Amino acid sequence: MDQNRIVSDEDWDVMKAMISTHIDSIPKDVTVESLRKRGSLECIAQQIKRGDDNPSARLQSWYLAMLEIEVTSKPLGLQKIHY
């Protein structure tokens, strides 16, 4: 898949809606305040702005936002990683 392909405005709107849906599915024990403290909300907002401003970066921006949500919503998976 070409990560630099131009994503249409219509497709980008669908992708942003998917981000919102996934944010809504974050476990209820994760508070908005904890997401702010971690920088997760800022990270996601930056990726959305990046996609809004640069259509050729939309696919990569979407992946990065979704990855941030995944890490936030499944922190137990990270416990298997030894730093």
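The values are calculated or read from the model by the stated rules, or taken from the named source; none is laboratory data. The shown structure was predicted, so the numbers you read here are calculated from the model rather than taken from an experiment. Because the Cβ atoms are built from the backbone with ideal geometry, glycine has one as well, and the counts that use them run over all protein chains shown. Protein only, heavy atoms only, side chains kept; ligands, DNA and RNA dropped before computing areas. Shrake-Rupley method; radii C 1.70, N 1.55, O 1.52, S 1.80 Å.
Which residue is farthest from Lys74 (Cα to Cα), if the candidates are limited to segment 19-62 and must be of a type in the set (Ser, Thr, Tyr) and either open to solvent by less than 70 Å² (accessible area, probe 1.4 Å) or without any contact (Cβ under 8 Å) to a residue 12 or more places away in the chain (or both)? In this case the residue turns out to be Ser56. Filter segment 38-75 for residues that are modelled with pLDDT under 95 and of a type in the set (Lys, Arg) and give the result. Across segment 38-75, the qualifying residues are Arg38, Lys74.
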